Every structure is written in C-alpha cells, then in structure tokens.
Amino acid sequence: MKVLVAVKRVVDYNVKVRAKADGSDVDLNNVKMAINPFCEIAVEEAVRLKEAGVATEVIAVSIGDKSCQEQIRTALALGADRGIQVDVETAAEPLVVAKLLKGVVDKEAPQLVILGKQSIDGDNNQTGQMLGALANMPQGTFASEVVIDGDKVNVTREVDGGLQTVSLTLPAIVTTDLRLNEPRYASLPNIMKAKKKQLDVYTADDLGVTVTKHLTQVKVVPPPERQEGIKVADVDELVDKLKNEAKVIS
Amino acid sequence: MSTLVIAEHDNSSLKAATLNTVAAAQQLGADIDILVVGGSCGDVATAAAAVPGVGKVLVADNAAYEHQLAENVSQLVAEVATGYDNVLAPATPNCKNFMPRVAALLDVGQISDIIAVDSPDTFQRPIYAGNVIATVQSADAKKVITVRTTAFDGVPAEGGSASVESVDSVHDAGLSSFVSEEVAESDRPELTSASVVISGGRGMQNGENFKLLDGIADKLNAAIGASRAAVDAGFVPNDMQVGQTGKIVAPDLYIAVGISGAIQHLAGMKDSKVIVAINKDEDAPIFQVSDYGLVADLFEALPELESKI
C-alpha cells in the first residue's frame, strides 16, 4: 500500500510572529523555518505504517518554492522513501494546494493520504477536507488513531466532548491531531541518507492545474493589546477582587 | 443577497454556536435562512424556527446525515448552497470537518474562523495563532465562511417564527460509515459556552492533580480546560485543550492554574473578560495578560481558594 504524506514549510512554532510596520504582511525575515508540527505527526504515522508492514512506500510531497525541499528532506530523514516538490512561486491558498495534491494523487494513486489538520501559519484547517472532496475520497479528520483493516481504515477522531470512530473505504484521507503519535527525531545517518533519496519536481502545468486566487490579504495588524493587570498578595485578596471589583463571582 | 447558516446541533437540541453564527450573518446584510442537517432532528428545526430574524428553516432529516459524516453532509450543503450567496457555519469541530469539502465542491475558497465582518466580501481573521489579525477579501461570488463564535454575541434563541421546509435530497456517498462514539459524560457546562473556565497546565504535574480543580469548578459552575502542555504530557484528554490547536474560549472568568502562558494557549483564551493566573513563577508570561495574578504554589492556593469562594 502506497502512502502519500503532505508536508508544509512554516515558521517554527517557537517564533513569535509580528506584523510588518506597513501592515502588508508578517515579517518573516531571518526567522527559523520548520516542518509544520501536524505534518510531522503525519510523516511519523506513515513511517510507522511502513514499519508495521502495512505501507510499502511512503512519499512526501510539499507545495512551495525550492526552499520547501528542506522540509521534504526532513520527511525523508524521518523515514519517507521519496519526495515530490510541486513548484509554485508564491504561497498557494488551500483550495489550490488541494488541487495540486489531487494532481499528485492522480499520478501516484496512493491508498492513503495523510496530512496535518492545519498549518500553524494560516490556521485554515481546510486542505485535507478539500482534497477529499476533489478526489471523491472519504476523510478521517483530527485523527487520534488510525487502523488499517483490509480495504478499509478505521479512524478515531477528536470531536466535541470525546472521540468518534468512522470506517472509511480506501483510498482515504487522514488529517492528524496532536495525540496521534509522538514524532521521532531524525538520526544523523538518516539525515545523510535522505540527501540521496529521489526527489522529483513538478510544476502546476505538469499536473494540469491552473493556479487561481480566491482570497487577497489586504493587511495584517497586531491583535488588540490586553492591559496587564495587578498581582494580588494572597487568596483572600483574589477572592475579594473577584467579588467586589470584577464582580464575576458572588 | 441571501445567506444560509448551517445549524450546529446534536439531533436533539440547537447549540448556541448557531446563534453566534446568525449574529455574524446579520452583518452581511442579507436575508438569512437556516439549514438543519441531521437524523431525527425535528426538535432542532423547531428551535431554529424560533430564532429571530430568520426567513425559513430548511431541514434535511435522514439517516445518512445522523452522524454528520462529512462525505454526505458536504454534498447536501453544496446542493442547497446553489441558491445562496453566502454559506456560514460556526467553526466547531463538526462544521470544520465538512465545510471545506463544501467549498471545494463549489470551487470557491473558504474563509476560516472570521472574527469581524468589514464588508460583505472583506473579513478579519486571526492567523499565526492569533499573533496577527489578517484582513482578507474574497473574490468568489459565493462565500463559504466559518465563524469564530466567541467573536460575535449570539442573537436571542426565542422570538422568531420562521417557516420550516423539508429538503428531500439524500446524499449517501457510500464511502464512510459511523462505527462508535465515546463521549465523556459530564454534568459540567461545555468549555466553549461556559461562563467560567478553570484550566490546568504542566504545573499540575499529573492527571490525578486535576481533581484539585473539581471543587472550584463545582462551586463556580465552571468548565475545566487544559493547556496543550498538559495534554501533550498525557495528563488529560485533548478535548479539554484550550488554545490555537484546541478550543477557543471567551468566558466571563478564566482561571489559569499552573499555566506559563505560551502563545499557543493565549490564542485560545485571551478574549476572556476577566483572567486570573495562579503560578509560582512570577515571571511567567501568563501574568502579562491576567487581570489578577497570584504568585503562589497551586497545591496550597487551590484548596484555600475552594474553601473561600
């Protein structure tokens, strides 16, 4: 069974991002970039399926300019077998990414596509579901457990108040939530080996996709600042303030 | 111009998130209808018809929709949406599951998690965990939008008398089926709609210690939440997570216990009206957003607080 994993290059999660002074965009000069944390969980899940003898090949795909090859190499170092970069110049929006991924799915015919539930830059939480609709594949989003069962996959999902398990006919889409697994660290020998693994580059034209623009970012601004409050000396003062000043408890 | 609002419900009751979404829809200035998709969900339709300012309530009541399977629900919503200019749903786990499929079926972009309507095609939404607010303009004729419910005060639940019409189309994609559900039984209010929330972080040290929050939650009728650090450490389940990758809450009172205040957590709670932080590290970033900070050992402060409220 072939597994396709999508990975995105994003600002490292430890970086506190700021808006540029002119409000045109966020300031990404000289900030550390990394693989999106949810995508890392997706890679780990695919590699575990291979180690368990369920998956035969794991392909890591990323949509972006040449710099995203770095994140594809990271996925290869974590255990993916080969990589695909779909070369686009500017950041593509989720619908376009989903169309490009659909192009890759048509070429590679994977039985399972694993993606992160959202990227920590755009916070859209759309791509996996959109790919599902375009490829007419079922989806198990926000997954905390993935179990392959013959020509089906059972996905346990994080929902309001608990967990829901659905059974999907393969080929299917899975998007990862935090508790699905704990990703490994790449070892130095594997990082070296990853440099020699196959990495193909496609363009949108190769995949028959026209890159369109549905949304325009007009401006970005910092969020409204919250006033720093006071420190109370003890529990008595806290209770007094909550009762008599804030009036939120009685 | 017309707007379709997708109802959030559990087949028996209409969830408050729907009322927040109707409030956001009103700002688009178009006529509003509500679509209820579910199985044996007649009571939900009746409740939706009582929401003021709604033209009609459309009900698609079929076993294929009972468990909100995205493959089936998205096809139905996309079909009904052909008659509307805007489709709005609350950014709940359920609607986040199927709405992007709706957008893709309609070949339009989705605008996720809006917090303000600037004009019928321009919206504000948080990106980068709420570190910046982006203003985005949609070029699509039909807008598919999810709404951050805490950013819009809900409309009243009663006072309207919309007509109810049934939608007979049945879409069963045949690709997925429901297996089981494991929903924690709790007498406590839901995290996203509670007026008081008390959350624990890594400082709680283990899952057992979360019981220290129970007594206070009981007295204040509060929901109990957690930081991502506490979830990652395995103390508590993920559905308790408050933050960028968890739930977004904005209660009247938010009490953060043993939470340092990572950006990821602040993104989920900084719109709360009053924030209390209890942490033994006086330099913890949580104190920069709290109205009342108490530098104390939580294992001493919590029992004392419980006894004094």
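Here is how the numbers come out for the structure above:
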| quantity | calculated |
| --- | --- |
| Antiparallel bridges, percent of DSSP beta bridges restricted to chain B (to nearest 5) | 20 |
| Antiparallel bridge percentage (DSSP; both residues within the protein assembly as shown; nearest 5) | 35 |
| Test item: Cα-centred dipole of the protein assembly as shown, Lys/Arg +1 and Asp/Glu -1 on Cβ, debye | 1520 |
| Rounded to whole Hz, the Karplus (6.51, -1.76, 1.60) HN-Hα couplings of the range B:115-128, x for glycine and proline | 10, 7, 10, 7, 7, x, 10, 10, 9, 10, 8, x, 10, 6 |
| Whole-Å distance, taken between Cα centres, linking the range B:3-73 and the range A:66-101 | 38 |
| Net lengthening on full extension, B:Ala63/B:Asp214 (0.36 nm per residue, minus Cα-Cα) | 50.5 nm |
| About the Cα centre, charge dipole magnitude for the range B:85-140 (Lys/Arg +1, Asp/Glu -1 at Cβ), debye | 280 |
| Euclidean distance between Cα centres, the range A:189-222 to the range A:224-250, Å | 49 |
| Aspartates and glutamates with Cα under 12 Å of A:Lys66, excluding same-chain neighbours fewer than 8 positions away | A:Asp87, A:Glu89, A:Asp200 |
| Separation in nanometres of the label points that stand 7 Å from Cα toward Cβ, at A:Lys195 and A:Asn136 | 4.6 |
| Estimated distance in nm for a label pair at B:Thr46 and B:Ser2, the labels positioned 7 Å out from Cα along Cα-to-Cβ | 2.6 |
| Which listed pairs, of A:Lys16/A:Lys196; B:Lys211/B:Lys308; A:Lys20/B:Lys142; A:Lys102/B:Lys247; B:Lys96/B:Lys211, have C-alpha distances above 24 Å, in listed order | A:Lys16/A:Lys196; A:Lys20/B:Lys142; A:Lys102/B:Lys247; B:Lys96/B:Lys211 |
| Positive-end extreme of charge dipole, the range B:1-122 - chosen from B:Gln75, B:Gly38, B:Ala104 (charges on Cβ) | B:Gly38 |
| FRET efficiency estimate (nearest 0.05) - Cβ-Cβ, A:Met1 to A:Val211, R0 30 angstrom | 0.45 |
| Distant-in-sequence amide H partners of B:Gly225 (H built 1.01 Å from N, under 5 Å) | B:Ile198, B:Ser199, B:Gly200 |
| In the B-A interface, the accessible area buried, summed over both sides, Å² (probe 1.4 Å) | 6700 |
| Residue-level accessible surface for B:Phe287, protein heavy atoms, 1.4 Å, Å² | 10 |
| Area accessible to solvent at A:Asp106, 1.4 Å probe radius, in Å² | 100 |
| Contour minus Cα-Cα distance for B:Phe299 and B:Gln205 (0.36 nm per residue) | 32.8 nm |
| Positive-pole candidate from A:Thr165, A:Thr210, A:Val239, dipole of chain A, charges at beta carbon | A:Thr210 |
| Debye, to nearest 20: dipole size of chain B, +1 on Lys, Arg Cβ, -1 on Asp, Glu Cβ | 620 |
| Cβ neighbours within 10 Å from other chains - mean over A:219-226 | 6 |
| Surface share of carbon and sulfur [accessible, 1.4 angstrom probe, percent] for the range A:45-86 | 47 |
| The range A:16-54: trypsin sites (Lys or Arg not before Pro) in DSSP loop, at most 15 other beta carbons within 10 Å | A:Lys16, A:Arg18, A:Lys20, A:Lys32 |
| Whole-Hz ³J(HN,Hα) from phi, Karplus 6.51 cos²θ - 1.76 cosθ + 1.60, for the range B:172-189, glycine and proline x | 10, 5, x, 9, 9, 9, 7, 9, 6, 9, 10, 10, 4, 6, 8, 8, 6, x |
| Karplus-derived HN-Hα couplings along the range B:65-79 (A = 6.51, B = -1.76, C = 1.60, θ = phi - 60°), whole Hz, x at Gly and Pro | 10, 4, 9, 6, 4, 4, 4, 7, 4, 4, 5, 5, 4, 4, 5 |
| Partners for A:Lys195 among aspartates and glutamates (Cα-Cα distance below 13 Å; same-chain residues under 8 apart left out) | A:Glu70, A:Asp81 |
| Burial order of peptide ranges B:22-29, A:68-75 (average beta-carbon count within 10 Å, highest first) | A:68-75, B:22-29 |
| Å² per residue, accessible surface of the range B:261-309 at 1.4 Å | 41 |
| For the range A:75-222, with +1 on Lys and Arg beta carbons and -1 on Asp and Glu, the positive-most of A:Gly140, A:Ala186, A:Leu101 along the dipole | A:Ala186 |
| Chain B, helix-only ellipticity at 222 nm - DSSP H runs n ≥ 4, -39,500 (n - 2.57), divided by all residues, nearest 500 | -7500 deg cm²/dmol |
| C-alpha center-to-center spacing [the range A:27-42, the range B:100-140] in angstrom | 22 |
| For B:Lys280, distant residues with modelled amide H under 5 Å away | B:Ala296, B:Leu298 |
| Distant-in-sequence amide H partners of B:Val132 (H built 1.01 Å from N, under 5 Å) | B:Ile127 |
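The values are calculated or read from the model by the stated rules, or taken from the named source; none is laboratory data. What you are looking at is a predicted structure, and each value in this text was computed from that prediction instead of being measured. All Cβ positions, even for glycine, are placed from backbone atoms using ideal geometry, and neighbour counts span all protein chains on display. Only protein heavy atoms, including side chains, enter the accessible area calculation; ligands, DNA and RNA are left aside. Shrake-Rupley method; radii C 1.70, N 1.55, O 1.52, S 1.80 Å.
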